Protein chains: 2
Amino acid sequence: MNIGHASEKSGLPAKTIRYYEDIGLLKPDRSDNGYRDYSMSDVHKLRFLQRARGLGFSVEECRQLLALYEDKDRASSDVKSIARTKLKEIERKLTELRELQHTLQHLVAHCHGDQRPDCPILERISGTRPE
Amino acid sequence: MNIGHASEKSGLPAKTIRYYEDIGLLKPDRSDNGYRDYSMSDVHKLRFLQRARGLGFSVEECRQLLALYEDKDRASSDVKSIARTKLKEIERKLTELRELQHTLQHLVAHCHGDQRPDCPILERISGTRPE
DNA sequence: CTTGACCTTCCAGTTACTGGAAGAATTACC
DNA sequence: GGTAATTCTTCCAGTAACTGGAAGGTCAAG
């Protein structure tokens with residue numbers, strides 16, 4: 001599969017896909033014509049990268065998460081340790097996202113565009129006064 | 001409140017706080033000595049920025065979300081429209097985060113570090129085969 | 001057989017910070 | 001009161017993670 005198709009399947013621009021190769025996140029085969037040739041596994045990685053980056057994980061965190069898949073020979077305790085660390089992070093993100101969700105839901109349901117000077121949107125957005 | 005204290009309260013480095021001022025996300029008062037002076041409202045904004053950026057929202061998206069608070073005189077239909085758009089985005093992020101969470105939970109619970117060549121971690125991480 | 005879409009590499013520009021220098025203001029200690 | 005450490009200021013340069021564009025090779029359609 002060439003880069004255009006991989007781009008469609010993963011939701012990442014071709015530019016970004018080449019960049020991820022540059023920094024060593026994946027290394028697709030090359031066809032005889034020199035074109036990159038992406039396997040299904042490559043596409044899975046790209047799709048994962050597209051998601052994880054959009055969820056605020058850094059490229060280095062993504063590299064670690066991909067390594068959980070790549071390093072199947074890694075001691076399972078290492079894998080579990082990394083996974084557990086990331087799980088805590090995910091739970092934090094889930095909580096924060098739900099708080100933001102509730103705030104915006106409240107805004108949609110109750111905001112009338114008035115000038116109330118004590119509008120508490122930000123307090124709740126910022127998590128200072130979680131609902 | 002000076003920048004060091006605002007940094008502590010918001011979880012953002014002072015450098016980043018000054019940067020956010022440079023690009024117009026907030027404009028704290030200045031004390032007589034020239035030091036920046038942050039109000040509680042400023043700190044709420046900073047805390048919100050810290051969270052929203054960590055959840056994968058761009059600075060421009062954050063600017064829009066802050067505007068929901070700032071522009072209280074904006075027509076409520078505009079506010080609601082923006083909020084609804086962001087709500088869809090948040091729901092997508094929540095779904096993706098939960099999928100990633102389930103994958104890692106599975107990994108912690110069942111991975112034994114073996115060499116199974118058909119290890120389906122990535123398929124599930126990438127959302128190609130959601131659980 | 002050429003036109004157009006898609007691929008290649010390379011180099012420069014953008015976004016969102018991040019580090020460090022040089023100097024002024026405040027606080028902490030003797 | 002003096003001075004040393006801390007915290008603040010601005011400015012300028014560097015990094016991370018892309019993103020755009022040029023110059024050119026490959027390939028499928030008409």
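The values are calculated or read from the model by the stated rules, or taken from the named source; none is laboratory data. Since the structure is predicted, the reported quantities are computational estimates derived from the model, not experimental observations. Cβ: placed from backbone, ideal geometry, glycine included. Neighbour counts: every protein chain shown. Protein only, heavy atoms only, side chains kept; ligands, DNA and RNA dropped before computing areas. Shrake-Rupley method; radii C 1.70, N 1.55, O 1.52, S 1.80 Å.
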* What is the number of the single condition among (1) open to solvent by less than 10 Å² (accessible area, probe 1.4 Å); (2) within 14 Å of DNA strand C (Cβ to nearest atom) that residue A:55 does not meet? -> (2)
* Asked: Within the stretch A:19-39, which residues are in contact (Cβ under 8 Å) with a residue 12 or more places away in the chain, under 19 Å from the mean Cα position of the chain (by Cα) and surrounded by 13 or more Cβ atoms within 10 Å (Cβ to Cβ)?
  -> A:20, A:21, A:25, A:26
* Structure fact -> Those residues of the stretch A:1-14 which are near DNA strand C (Cβ under 8 Å from one of its atoms) and over 14 Å from residue A:49 (Cα atoms) amount to A:2, A:3, A:4, A:5
* Structure fact -> Residue hits (the stretch A:18-39; more than 9 Å from DNA strand D (Cβ to nearest atom) and either of a type in the set (A, V, I, L, M) or within 14 Å of chain B (Cβ to nearest Cβ) (or both)) are A:26, A:38, A:39
* What number of residues in the stretch A:40-50 are within 12 Å of DNA strand D (Cβ to nearest atom) and open to solvent by 30 Å² or more (accessible area, probe 1.4 Å)? -> 1
* To do: Can you confirm whether the stretch B:60-71 contains a residue that is modelled with pLDDT under 95, open to solvent by 40 Å² or more (accessible area, probe 1.4 Å), facing another protein chain (nearest Cβ under 8 Å) and away from DNA strand D (no atom under 16 Å from the Cβ)?
  => no
* Looking at this structure, is residue B:84 more than 20 Å from the chain's Cα centre (by Cα) and basic (Lys, Arg)? -> no
